[in-house]
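Undergrad: This structure is in structure tokens; I'll ask about it shortly.
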């Protein structure tokens, strides 16, 4: 059904999405980091440079790591306040942008039906997909969204880590450092001159 599969990267790329990889310092993030040997262990997608429209799968309640699901993330609060990050930009066509936004909006409107795929994390460890209906972990969601938008992800989204996403050749790194510093640099001028 997804016509976006036929669109090649580089074709009329007038829109931009942002892939945000973060190191939040949670126990789950640290455990994933110990396994992967990588610092950035959470992946999100944003539809604007200021990260006001940022989405992923993560914890719904700050103090309850088992309360996972689909959410719109606030880049200034909670686990992100002191987070390190790497931010990538990805040029996409108007159609790809709309296709990805449509999926995210549907998921957000139905967010209570979506769960965090904790079991899927173990699948990554053994390189075997664990399918669960309406359940994703963060990088699985981001990879699925890129693929649904017609971008190549080169492997099964259910086996992709944030590091795998960072290796995608069409992503361009635009920032590495404290997320708060990025937000200050990007949001302040928009507020002053916007």
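Undergrad: Looking at region 131-145, which of its residues are buried (at least 20 other Cβ atoms within 10 Å of the Cβ) and within 21 Å of residue 86 (Cα to Cα)?
TA: Within region 131-145, the subset buried (at least 20 other Cβ atoms within 10 Å of the Cβ) is 135-143, 145.
Matches in region 131-145: 137, 138, 139, 140, 141, 142, 143, 145.
Undergrad: Residues that are modelled with pLDDT under 95, in contact with a strand residue (DSSP E or B) (Cβ under 6 Å, 6 or more places away or on another chain) and over 17 Å from residue 177 (Cβ atoms): does region 12-28 have at least one? I'd like the intermediate steps shown before the answer.
TA: Taking region 12-28 as the starting set, the residues that turn out to be modelled with pLDDT under 95 are 12-14, 23-28.
Imposing the further condition that a residue be in contact with a strand residue (DSSP E or B) (Cβ under 6 Å, 6 or more places away or on another chain) reduces the set to 13, 23-24, 28.
Remaining after also requiring over 17 Å from residue 177 (Cβ atoms): 13, 28.
Yes: one or more hits.
Undergrad: Scan (1) closer than 23 Å to residue 144 by Cα; (2) touching a residue at least 24 places away in the same chain (Cβ under 8 Å); (3) loosely packed, with under 15 Cβ neighbours inside 10 Å for the single condition residue 74 breaks and write down its number.
TA: (2)
Undergrad: If the Cβ limit is 7 Å and pairs must be 6+ apart or interchain, which residue in region 157-183 that is on the phi < 0 side of the Ramachandran plot and surrounded by fewer than 17 Cβ atoms within 10 Å (Cβ to Cβ) pairs with which residue that is modelled with pLDDT of 95 or more and in a loop (DSSP other than H, G, I, E, B)?
TA: Pairs that qualify, where the first residue is on the phi < 0 side of the Ramachandran plot and surrounded by fewer than 17 Cβ atoms within 10 Å (Cβ to Cβ) and the partner is modelled with pLDDT of 95 or more and in a loop (DSSP other than H, G, I, E, B), are 170/151.
Undergrad: Taking residue 148 as the residue in question, decide whether it is crowded, with 21+ Cβ neighbours inside 10 Å, under 15 Å from the mean Cα position of the chain (by Cα) and more than 20 Å from residue 25 (Cα to Cα).
TA: On the way: crowded, with 21+ Cβ neighbours inside 10 Å: no; under 15 Å from the mean Cα position of the chain (by Cα): yes; more than 20 Å from residue 25 (Cα to Cα): yes.
Criteria not met by residue 148.
Undergrad: Just one of 87, 103 is in contact (Cβ under 8 Å) with a residue 12 or more places away in the chain and more than 19 Å from residue 21 (Cα to Cα); which is it?
TA: On the way: 87 fails: more than 19 Å from residue 21 (Cα to Cα).
Residue meeting the stated conditions: 103.
The values are calculated or read from the model by the stated rules, or taken from the named source; none is laboratory data. Just so we're clear, the structure is a prediction, and the values are computed from it rather than from any experiment. Every residue, glycine among them, receives a Cβ derived from its backbone with ideal geometry; neighbour counts consider all protein chains shown.
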